[in-house]
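Chemist: Got a structure for you, written out below as structure tokens; questions coming shortly.
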Amino acid sequence: MTSRSSTIVIGIKGTVLAIDRDTGETIWSTKLKGSDFVNVSLEDGDVVASSRGQLYRLDASTGEIRWCNDLPGLGWGIVAIAGASQAAAVAEKQRQDAQRAAAAASA
């Protein structure tokens, strides 16, 4: 697979696809159980995806499903994914906002 920085990962119609950013060519495609909506996130070198209330971990290089969690008892709702990298970005933004507010208050 091309480098992560030159790959776009999308979810559509129950499928996760890796697309080459430079050429637009499909690198790999993995069909998941489920419906049209697929939520995706890149976490620690893997793709995390959800469809029809199931959570998947896929190999970012090949699209191979490493595991699937049926999320028992939670139904088929849309899964929102927030991994460590997103959580760190949110925490950093909150820290910066607090610093700006403190600076404005003391000015």
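The values are calculated or read from the model by the stated rules, or taken from the named source; none is laboratory data. The structure presented is a predicted model; accordingly, all values stated were derived computationally and were not measured. All Cβ positions, even for glycine, are placed from backbone atoms using ideal geometry, and neighbour counts span all protein chains on display. Quick note on the areas: whole protein, heavy atoms, side chains included, nothing else; ligands and nucleic acids left out. Shrake-Rupley method; radii C 1.70, N 1.55, O 1.52, S 1.80 Å.
Chemist: Divide by every residue of the chain the summed helix terms, -39500 (n - 2.57) for each DSSP H run of at least 4, and state the resulting mean residue ellipticity at 222 nm, rounded to the nearest 500 deg cm²/dmol.
Modeler: It comes out at -7500 deg cm²/dmol, rounded to the nearest 500.
Chemist: Compute the helix-to-body angle for 84-106: its Cα long axis versus the longest principal axis of the chain, expressed 0 to 90° and rounded to tens.
Modeler: Around 20 degrees separate the two axes.
Chemist: Using a 1.4 Å probe, how large is the accessible area of LYS31, given in Å² and rounded to the nearest 10?
Modeler: So the heavy atoms of LYS31 present about 130 Å² to solvent.
Chemist: What is the magnitude of the charge dipole of segment 1-56 about its Cα centre, with +1 placed on the Cβ of each Lys and Arg, -1 on the Cβ of each Asp and Glu, and no other charges, expressed in debye to the nearest 20?
Modeler: Rounded to the nearest 20 debye, it is 280 debye.
Chemist: As I understand it, the dipole of the chain uses +1 on the Cβ of Lys and Arg and -1 on the Cβ of Asp and Glu, about the Cα centre. Which of VAL48, ALA107, VAL9 lies farthest toward its positive end?
Modeler: ALA107
Chemist: Which percent of the accessible heavy-atom area of the chain goes to carbon and sulfur, probe 1.4 angstrom?
Modeler: Percent of accessible area from carbon and sulfur atoms in the chain: 56.
Chemist: Provide the per residue accessible area, probe 1.4 Å, for segment 3-60, rounded to a whole number of square angstrom.
Modeler: About 49 Å² of surface per residue is accessible.
Chemist: OK, next. For LYS31, give me every one of the aspartates and glutamates with a C-alpha distance below 14 angstrom, ignoring sequence neighbours fewer than eight places off in its own chain.
Modeler: Within reach: ASP59, GLU64.
Chemist: A follow-up question, please. Counting only residues 5 or more places away or on other chains, whose amide H sits under 5 Å from the amide H of ASN39 once H atoms are built in the peptide plane?
Modeler: SER50
Chemist: List the residues whose amide H sits under 5 Å from the amide H of TRP28, counting only those 5 or more places along or on another chain, with H placed 1.01 Å from N in the peptide plane.
Modeler: ALA18
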